[in-house]
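Colleague: Below is the structure I would like to discuss, written out as structure tokens.
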Amino acid sequence: MSYTPHVPYVPSPPNVVRKMLEVAKVGPDDVVYDLGCGDGRIVITAVKEFKARKAIGIDINDERIQEATKNVKENGLEGRVVIKKGNFFEEDLSEATVITMFLLTNVNEMLRPKLEKELKPGTRVVSHEFEIRGWTPKEVVKVEDGNMNHIVYLYIIGEHR
């Protein structure tokens, strides 16, 4: 049985995107997966500014896929940034060294067994705003954005319990 989550599209502000990739210590050896990639800003930033080897954005919404694909082209990152239309519950995430997400607590909870099964020890999982219940964060960082505060949670597979 497949689950298709409904998560409202709310883009992460640029300073939150950078902080997510910073706390995950993204670098040239990393393969970054963004679950629910929206307009592609995280995967684009991961490759462009943090020099990730490759980044894959997965989204189920046609409009977001078109927007993300256009943004990847405009940044000249085809080949290093891949945008996939699909349900991230059905995608193989085992290649990832970093997972980023801005989902909801209940979706994170449903995703938890899949992440534990597919991700290798040492893989960093970064969640914007919503914790992964049952896991212990390695780091919790507050990010100010004008008049709003955001929270970034960093988990490391193998050290998450």
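Colleague: Applying the selection to the stretch 132-147, what residues are among the hydrophobic types (A, V, I, L, M, F, W, C), under 25 Å from Gly158 (Cβ atoms) and either crowded, with 16+ Cβ neighbours inside 10 Å or touching a Pro at 6+ places or on another chain (Cβ under 6 Å) (or both)? Before you say what the answer is, go through the steps one by one.
Modeller: We begin by selecting, within the stretch 132-147, every residue among the hydrophobic types (A, V, I, L, M, F, W, C); these are 132, 135, 140-141, 143.
After this cut, where a residue has to be under 25 Å from Gly158 (Cβ atoms) as well, the list is 132, 135, 140-141.
Once the filter is applied, which keeps residues that are among the hydrophobic types (A, V, I, L, M, F, W, C), under 25 Å from Gly158 (Cβ atoms) and either crowded, with 16+ Cβ neighbours inside 10 Å or touching a Pro at 6+ places or on another chain (Cβ under 6 Å) (or both), the stretch 132-147 yields Ile132, Trp135, Val141.
Colleague: Quick one: which residue in Gly122, Gly79 is touching a strand residue (DSSP E or B) at 6+ places or on another chain (Cβ under 7 Å), without any contact (Cβ under 8 Å) to a residue 40 or more places away in the chain and over 24 Å from Pro8 (Cα atoms)?
Modeller: On inspection, the qualifying residue turns out to be Gly122.
Colleague: Looking at Val16, Val26, Val32, can you tell me which residue is part of a helix (DSSP H, G or I), within 21 Å of Ile156 (Cα to Cα), at pLDDT 95 or above and not polar (S, T, N, Q)?
Modeller: Unique residue meeting the criteria: Val16.
To keep it simple, each residue is scored yes or no on (1) touching a Lys or Arg at 6+ places or on another chain (Cβ under 9 Å); (2) closer than 20 Å to Leu111 by Cα; (3) hydrophobic (A, V, I, L, M, F, W, C).
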{"residue": "His6", "(1), (2), (3)": "no, yes, no"}
{"residue": "Gly38", "(1), (2), (3)": "yes, yes, no"}
{"residue": "Val47", "(1), (2), (3)": "yes, no, yes"}
{"residue": "Phe50", "(1), (2), (3)": "yes, no, yes"}
{"residue": "Gln66", "(1), (2), (3)": "no, no, no"}
{"residue": "Glu90", "(1), (2), (3)": "no, yes, no"}
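Colleague: Same structure, new question: Within the set of pairs 6 or more residues apart or between chains, which connect a residue that is on the phi < 0 side of the Ramachandran plot inside the stretch 149-161 to a residue that is modelled with pLDDT under 95 and not in a loop (DSSP other than H, G, I, E, B) with Cβ atoms less than 6 Å apart?
Modeller: So the pair list comes out empty.
Colleague: Which is surrounded by 14 or more Cβ atoms within 10 Å (Cβ to Cβ) and either farther than 18 Å from Val7 by Cα or more than 17 Å from the chain's Cα centre (by Cα) (or both), of Glu129, Glu74, Glu63, Glu118?
Modeller: Sole residue among the options that is surrounded by 14 or more Cβ atoms within 10 Å (Cβ to Cβ) and either farther than 18 Å from Val7 by Cα or more than 17 Å from the chain's Cα centre (by Cα) (or both): Glu118.
Colleague: Just one of the numbered conditions (1) closer than 15 Å to Val31 by Cβ; (2) under 16 Å from the mean Cα position of the chain (by Cα); (3) surrounded by fewer than 16 Cβ atoms within 10 Å (Cβ to Cβ) is not true of Gly79; which one?
Modeller: (2) is the only condition that Gly79 fails.
Colleague: Now for a separate question. Which members of the stretch 35-57 meet the condition of being surrounded by 17 or more Cβ atoms within 10 Å (Cβ to Cβ) and either part of a loop (DSSP other than H, G, I, E, B) or in contact (Cβ under 8 Å) with a residue 60 or more places away in the chain (or both)? Step through it out loud before you land on a result.
Modeller: Taking the stretch 35-57 as the starting set, the residues that turn out to be surrounded by 17 or more Cβ atoms within 10 Å (Cβ to Cβ) are 35-47, 50, 52, 54-57.
Leu35, Gly36, Cys37, Gly38, Asp39, Gly40, Phe50, Ala52 - these are the residues of the stretch 35-57 that are surrounded by 17 or more Cβ atoms within 10 Å (Cβ to Cβ) and either part of a loop (DSSP other than H, G, I, E, B) or in contact (Cβ under 8 Å) with a residue 60 or more places away in the chain (or both).
Colleague: Now a separate question. Which of the residues spanning the stretch 126-161 are in contact with a helix residue (DSSP H, G or I) (Cβ under 6 Å, 6 or more places away or on another chain), aliphatic (A, V, I, L, M) and closer than 22 Å to Gly57 by Cβ?
Modeller: Passing the criteria: Val126, Ile132, Val143, Val152, Leu154.
The values are calculated or read from the model by the stated rules, or taken from the named source; none is laboratory data. Being a predicted model, the structure only gives us computed values, none of them experimental. So basically every Cβ, Gly included, is an ideal-geometry build from the backbone, and we count neighbours across all protein chains shown.
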